[in-house]
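A short write-up of the structure that comes next.
The values are calculated or read from the model by the stated rules, or taken from the named source; none is laboratory data. Computed from a predicted model, the values in this text were never measured in an experiment. Please note: Cβ atoms are built from the backbone with ideal geometry, for glycine as well, and neighbour counts cover all protein chains shown.
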Ligand code: PGA
């Protein structure tokens, strides 16, 4: 039986003081049980402070991204050694916001694909995380245009294959995958539960094929995209959903603690 995982992705929110206050409130509000793993992914500037706060609890911290090389002239980037040094045990990779896909056709300053992550860079990042014993949370998901064209499964499978290509299955024991339909992120529009469960099941079949059933069985498949207290219970009950990657709702410590309780 896989343990459920709930990860909060704070994105570009929270100062050190705000983040610490939120985590203190969260720890007071939540009843942490051994059956569920909880990860908070704050901005890099706040990571170490949150790590210090949670180190005696069951909560872990994660980074929101990583660069694949070890050190050097890469302005603005952070290596796996650096995020591990700050306390990260998990790291998000291939988030649709770093893949630069906002599901919109017109390019405006808001929709400009700033980071242009590709399956290849995602693959390199997963390799460096494995090497440093950090658990990847690999995000996959289709845009609205891809869904409307009936390409959801093809896109998601392609992202998984690209992300894991050439990596020894035995090295992927700490892998987590989050199905995050791009059109459901930060929009309040959740993918309907049976469909979220179906795609997560499809992801599991693909993982079985790539890793073999025994290894794939340890990989958690999460759902992400407008998860909140009001829909978490229903989502986490589904047979193919092993938890959630929560953006906006993880910024409110009371709401986040409710979500964790449902897991
Ligand atoms: P959301 O974000 O919960 O605000 O939709 C989820 C995510 O981007 O991981």
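Selection of region 235-256 for residues being more than 29 Å from residue 18 (Cα to Cα) and within 11 Å of the ligand (Cβ to nearest atom) yields an empty set. Among residues of region 148-160 being in contact with a helix residue (DSSP H, G or I) (Cβ under 7 Å, 6 or more places away or on another chain) and away from the ligand (no atom under 16 Å from the Cβ), the one that is nearest to residue 219 (Cα to Cα) is 160. The selection criterion, being closer than 23 Å to residue 40 by Cβ, within 16 Å of the ligand (Cβ to nearest atom) and in contact with a strand residue (DSSP E or B) (Cβ under 6 Å, 6 or more places away or on another chain), holds for residue 122. Answer yes or no as to whether residue 260 is farther than 17 Å from residue 40 by Cβ, within 17 Å of the chain's Cα centre (by Cα) and within 16 Å of the ligand (Cβ to nearest atom). No. The one condition from (1) buried (at least 17 other Cβ atoms within 10 Å of the Cβ); (2) under 18 Å from residue 236 (Cβ atoms) that residue 47 does not meet is (2). For region 52-69, the set of residues classified as surrounded by fewer than 23 Cβ atoms within 10 Å (Cβ to Cβ), closer than 19 Å to residue 18 by Cα and under 18 Å from the mean Cα position of the chain (by Cα) consists of 59, 60, listed by residue number.
Among the residues of region 214-260, those that are in a strand (DSSP E or B) and at negative phi comprise 220, 221, 222, 223, 224, 244, 245, 246. Are any of the residues in region 181-189 farther than 25 Å from residue 258 by Cα, buried (at least 22 other Cβ atoms within 10 Å of the Cβ) and in contact with a helix residue (DSSP H, G or I) (Cβ under 6 Å, 6 or more places away or on another chain)? The answer is no; no qualifying residue exists.
Taking region 127-154 as the range and being crowded, with 17+ Cβ neighbours inside 10 Å, modelled with pLDDT of 95 or more and more than 30 Å from residue 87 (Cβ to Cβ) as the test, only 152 passes.
Kindly check whether there is at least one residue in region 99-110 that is touching a strand residue (DSSP E or B) at 6+ places or on another chain (Cβ under 6 Å), within 16 Å of the ligand (Cβ to nearest atom) and either at pLDDT 95 or above or within 21 Å of residue 64 (Cβ to Cβ) (or both). No: zero hits.
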